[in-house]
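The values are calculated or read from the model by the stated rules, or taken from the named source; none is laboratory data. In this text, all values refer to a predicted model and were calculated from it rather than measured experimentally. Reconstructed Cβ throughout: ideal geometry from the backbone, glycine too, with neighbour counts over all protein chains shown.
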Amino acid sequence: MEIASAERSAISHLFEPIAIGGLTLPNRIAMAPMSRYFCPDSLPHQGVADYYSRRARAGVGLIISEATYIDHPSAPSYEGVPNFFGPALDGWKAVLEAVHQAGASMFPQLWHTGSFRNSSMKPVPGVPGFGPSENTNAFTNHPEPTRAMTETDIADVISAYADAAEAAKRIGFDGVEIHGAHGYLIDEFFWSVTNRRTDRYGGDRRGRTRFAVEVISAIRSRVGADFPVSFRYSQWKQQDYKAVLADTPQELAEILQPLADAGVSMFHCSTRRLWEPGFESEGPMTLAGWTKTLTGTPVIAVGGAGLDRPGLKEAKSASLDVVADALDRGDFDILAVGRALIGDPEWVEKLKAGREAEAIGYDRAFLEKLD
Ligand SMILES: Cc1cc2nc3c(=O)[nH]c(=O)nc-3n(C[C@H](O)[C@H](O)[C@H](O)COP(=O)(O)O)c2cc1C
């Protein structure tokens, strides 16, 4: 009984406000970025505004949008993903207003899909997938060789990230998140398996981190010092769940420290079960905890909150007590929740009442409808 009430008291910290730079969030629960592929012509619409504002009204403090394409013809792979440039910005402004009215803050997540693209894809057929090296495609099972980015390609893509961040600030978003995880372009630069370059964007961890550092620096120079910039990274790749960027905390520092120095305001540490140890041989501290310790920045943790299994299969709702130790240790500042919020828009209200185990749970059939 006593243990259960200690866990509840740890979880109640999630309902305290938090300040990140000039931004104050009403609580520490974020909606994780989740692609829904419901934007024909890459334009966000009223259904998108309704979907996000429904979660905001039910207590989510920070909405991180589904990944959105930056303005470079090599960025897109999948159809139905919204752009974050051109006419799509009018749609995003309407989404943002609805979310703000419902009481939450919102960041767009900025995305370049790297070697997931091939030259038959829209919107500009003929543009191949971009990657750090020609063979990056081998890891996404595409027969077509990736274009190893030239220095001009790198500069153009960096400036597309900066344009998107500047637009986000101009139309009133509360910050931006850079998608640096899961085996897409930025992560392909980080990973030694996909980055075989011998120039300054390859080689050791510092070299492989340079592309991301330059993306962050370019964004910072456009949005100023105080605008929140979250950087999402992962050890795992969707091509390989067991892949790691860093085997030790020291190796992780070699990647994260330059990113923090370049101006990341907060890291979003993407794991599949956020309560597991970040490094087995180093005790119970989670990857989020290591990220916070090594960088001193606020950290968002994600992975498995409120559900009994990871991944895209069906999952039943589960108690959040499993994250209490990590919360108590101060491993993370914000909890991002993905599938549990697709399944049950009112999940946060149920958590607040101590009834999250009664939430609807997750079923991949939910993905067929934007609800
Ligand atoms: C349908 C779906 C779409 C996703 N799309 C994205 C995405 O666009 N960007 C991203 O960084 N992660 C994406 N993810 C990963 C989630 O943000 C999150 O890290 C993952 O679902 C684990 O959290 P959860 O267990 O709370 O769902 C997606 C996950 C799901 C289930």
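When the test is whether a residue is farther than 30 Å from PRO258 by Cα and touching a Lys or Arg at 6+ places or on another chain (Cβ under 6 Å), LEU341 passes it.
Looking only at residues in region 244-266 that are touching a strand residue (DSSP E or B) at 6+ places or on another chain (Cβ under 8 Å) and over 15 Å from THR209 (Cα atoms), the one that is farthest from the ligand (Cβ to nearest atom) is SER265. Could you list, in sequence order, the residues of region 166-186 that are in a helix (DSSP H, G or I) and touching a Phe, Trp or Tyr at 6+ places or on another chain (Cβ under 8 Å)? Passing the criteria: ALA167, ALA168, LYS169, LEU185, ILE186. Pairing each residue of region 301-323 that is of a type in the set (D, E, K, R) with any residue that is surrounded by 24 or more Cβ atoms within 10 Å (Cβ to Cβ), provided the two are 6+ apart or on different chains, yields no C-beta distance under 6 Å.
Listed here are the residues, each with its yes/no results for (1) surrounded by fewer than 21 Cβ atoms within 10 Å (Cβ to Cβ); (2) farther than 24 Å from MET266 by Cβ; (3) not hydroxyl-bearing (Ser, Thr, Tyr).
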{"site": "SER35", "(1), (2), (3)": "yes, no, no"}
{"site": "ARG54", "(1), (2), (3)": "yes, yes, yes"}
{"site": "GLY61", "(1), (2), (3)": "no, no, yes"}
{"site": "SER65", "(1), (2), (3)": "no, no, no"}
{"site": "GLY86", "(1), (2), (3)": "yes, yes, yes"}
{"site": "GLN101", "(1), (2), (3)": "yes, yes, yes"}
{"site": "SER105", "(1), (2), (3)": "no, no, no"}
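Among residues of region 349-371 that are touching a residue at least 60 places away in the same chain (Cβ under 8 Å), those with a beta-carbon under 9 Å from a residue that is acidic (Asp, Glu) and in a helix (DSSP H, G or I) at least six positions away or on a different chain give the pairs LEU370/ASP50; ASP371/ASP50.
LEU320 meets all of the listed conditions (1) in contact with a Lys or Arg (Cβ under 9 Å, 6 or more places away or on another chain); (2) modelled with pLDDT under 95; (3) within 13 Å of the ligand (Cβ to nearest atom); (4) not β-branched (Val, Ile, Thr) but one, namely (1). If only one of ILE29, ILE11 is crowded, with 17+ Cβ neighbours inside 10 Å, in contact with a strand residue (DSSP E or B) (Cβ under 6 Å, 6 or more places away or on another chain) and touching a residue at least 60 places away in the same chain (Cβ under 8 Å), which one is it? When all the criteria are applied, what remains is ILE29. Which ones in region 67-92 are among the acidic types (Asp, Glu) and either part of a loop (DSSP other than H, G, I, E, B) or in contact with a Cys (Cβ under 9 Å, 6 or more places away or on another chain) (or both)? Those that are among the acidic types (Asp, Glu) and either part of a loop (DSSP other than H, G, I, E, B) or in contact with a Cys (Cβ under 9 Å, 6 or more places away or on another chain) (or both): ASP71, GLU79.
If you filter region 67-92 down to residues that are away from the ligand (no atom under 16 Å from the Cβ), out of contact with any Lys or Arg (no Cβ under 7 Å at 6 or more places or on another chain) and in contact (Cβ under 8 Å) with a residue 60 or more places away in the chain, you find that the one that is farthest from SER159 (Cα to Cα) is LEU89.
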